[in-house]
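Asks: I have a structure here, written as structure tokens, and I will follow up with some questions on it.
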Amino acid sequence: MSLGCWTLFAAGFLFFHGFAATETAPNYSFMHNAMSAPTSSYYDYIIVGGGTSGCPLAATLSQNATVLVLERGGSPYGNPNITKMTRFGAALSDLSRSSPSQRFISEDGVINARARVLGGGSCLNAGFYTRASTEYVKQAGWDGRLVNESYKWVEKLVAFEPALGQWQSAVRDGLLEAGVLPFNGFSYDHIYGTKMGGTIFDQQGNRHTAADLLEYANPTRLTVYLHASVHKIMFAIKGRKMPKAHGVVFRDAKGVKHKAYLKKGSKNEIIISAGALGSPQLLMLSGVGPAEHLKSHNIRVVLHQPMVGQGMSDNPMNAVFIPSPIPVEVSLIQVVGITHFGSYIEAAGGENFAGGASSPETISKAIEYTNNIQEPTAFRGGFILEKVTGPISTGHLELRTRNPNDNPSVTFNYFKDSRDLQRCVQGIQTIEKVVESKPFSKFRYEFLSWPMLLNMTANAPLNLLPKHYNPSMPLEVFCKDTVMTIWHYHGGCQVGKVVDPDYKVLGVDSLRVIDGSTFNDSPGTNPQATVMMLGRYMGVKILRERVAN
């Protein structure tokens, strides 16, 4: 999702995250560079990761306790690559060390990205805002009333109704003609059929992120350190039935070591909100994980927990690129078709999402197909994608090094379960119906047949996998050859396996994990709304427990 229409798409959709914030930075008096941190400090709560869940969690807890947030990245404010929808993809294509996006490539050969910025993935994504289903909420064991209140708390600051242009409207109407019914209009709710969802981009095209939720914080009780890389959680072990988390070790941008400790008090806790890669990685670096694996990295085992890093999943995304004979407005995800067979159909369009970023080597093959259609500089079109719900297939995560800034090794095992593959096939077949629908006809060259569109997509370097597909082959081959990410990976610290239903880490005291690493399935069509909601939801629950006794 991110480089210039096709650049973005062909680059492996490598970048479907957005960028963060309002035009002018809020006056956050509590936000500091970690180089100004004292050698030692004390708080009621220490949150590792100021991301999509960490920010709403910190804002909530600061109402009644002292809170420290340690964020390894910088501020999203004042960075147009994050702020502007028209620059979407530019941060994802920035491979520098100061980039808000850190690229990683899974062992499956799929190019991916993880956030490294206050506000987390909400600073890098395509901005789509939609809630989890009521069934998901029930299965999670959440309090439905507090869930709704928490979503509304988030939406008040960061969610908007998008203005639909011609491309998105054609996709909407094409979905209806294709039978993805009923039409549900604009809604944040997860309902079968076709709908417009919310967006974190306002009417001026400015991104609003989880970092904006810190406006709710009590500034006298909150401290946020940027460029603060947490290396490990410290545990008290002697004379205890269970290890107790009591502090963290972090380093600033110059490598200087700092320590932060919990104040005395049975309710005080360390909370890891470092994301689906960062949270299991930090648990392992701190000695909580599979014992043999930790020993192989010379890490002292605090607790043998074989499920840390297990259950890693990434929803496989496959897309079809459609060159258009007429201009296409720039739009990210706005319309979604929620099918009964387990696939979500979405679309994005318009040229130059990347704000000038280009990657000629990734689009050379696609241009061969379109050279005679129009000037490459005026390349127009968009893509329609399908994402498999769940997914059912899972993988695992392991450490590569003991440096928390290095990417761990991740395997997602895309399409390992044949049911995921069948959902992809049905999703691609639905995209064909949309592309061949009457409402979509004006965005389609008549001489570019559906097999040609598939072949053009399959020949683009979307991932690092070998290519097999040609139009005589079944769609299963297309799905496997063209699999990409839509950045909805989750797992590694799942409820019932690594944490309990209150997100407390099993087998240790005073430690929780609150983020997408706890999910068994990705919520809704896009998870960011629910990850933000979870930060608020758990913050309220924790404060209620705090004052109960």
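Every read-out reported here was derived from the displayed coordinates using simple, explicitly stated rules and does not represent laboratory data. Computed from a predicted model, the values in this text were never measured in an experiment.
Asks: Once the piece of chain linking HIS231 and LYS263 is laid out straight, how much longer is it, given 0.36 nm per residue of separation minus the C-alpha distance between them?
Replies: That pair, HIS231 and LYS263, stretches by 9.5 nm at full extension.
Asks: Right, another one. Measure nothing fancy, just the Cα-based angle from helix 166-177's long axis to the longest principal axis of the chain, in degrees from 0 to 90, nearest 10.
Replies: So the inclination is approximately 80 degrees.
Asks: OK, next. Rg and Dmax of the chain, Cα atoms, in Å?
Replies: My reading of the Cα-based Rg and Dmax gives 22.6, 76 Å.
Asks: By how many degrees, between 0 and 90 and to the nearest 10, does the Cα long axis of helix 275-285 differ from the longest principal axis of the chain?
Replies: Value to nearest ten degrees: 40.
Asks: Can you give me the relative contact order of region 182-287 as a percent, contacts being Cα pairs under 8 Å and 6 or more apart?
Replies: Reported relative contact order: 16 percent.
Asks: Cut-off under 17 Å on the C-alpha distance; same-chain residues fewer than 8 positions from LYS416 excluded. Which lysines are left, in chain and number order?
Replies: LYS387, LYS480
Asks: How large is log10 I(q)/I(0) at q = 0.22, 0.23 Å⁻¹ when the Debye formula is applied to the Cα atoms of region 22-104, each weighted equally and without solvent?
Replies: With no solvent term, the Cα-only Debye profile gives -1.20, -1.26.
Asks: Run the reach check for LYS257 against lysines, Cα to Cα strictly under 20 Å, same-chain hits fewer than 8 apart removed. What comes back?
Replies: Output for LYS257: LYS232.
Asks: I would also like to ask the following. Going by alpha carbons, how many degrees (0 to 90, nearest 10) lie between the helix axis of 418-435 and the longest principal axis of the chain?
Replies: Value to nearest ten degrees: 50.
Asks: Report the gain in length on full extension from GLN204 to ASP417: 0.36 nm times residue separation, minus Cα-Cα distance, nm rounded to one decimal.
Replies: Between GLN204 and ASP417, full extension yields an extra 72.4 nm.
Asks: A further question follows. Report, in listed order, any pair from LYS156/LYS259; LYS156/LYS504; LYS241/LYS267; LYS152/LYS244; LYS238/LYS259; LYS138/LYS433 with a Cα-Cα distance greater than 27 Å.
Replies: Values: LYS156/LYS259 36 Å; LYS156/LYS504 29 Å; LYS241/LYS267 18 Å; LYS152/LYS244 35 Å; LYS238/LYS259 20 Å; LYS138/LYS433 34 Å.
Violating the 27 Å limit, Cα to Cα: LYS156/LYS259; LYS156/LYS504; LYS152/LYS244; LYS138/LYS433.
Asks: Between GLU292 and ARG544, 0.36 nm times their residue separation minus their Cα-Cα distance comes to what?
Replies: So the extension gain works out to 86.8 nm.
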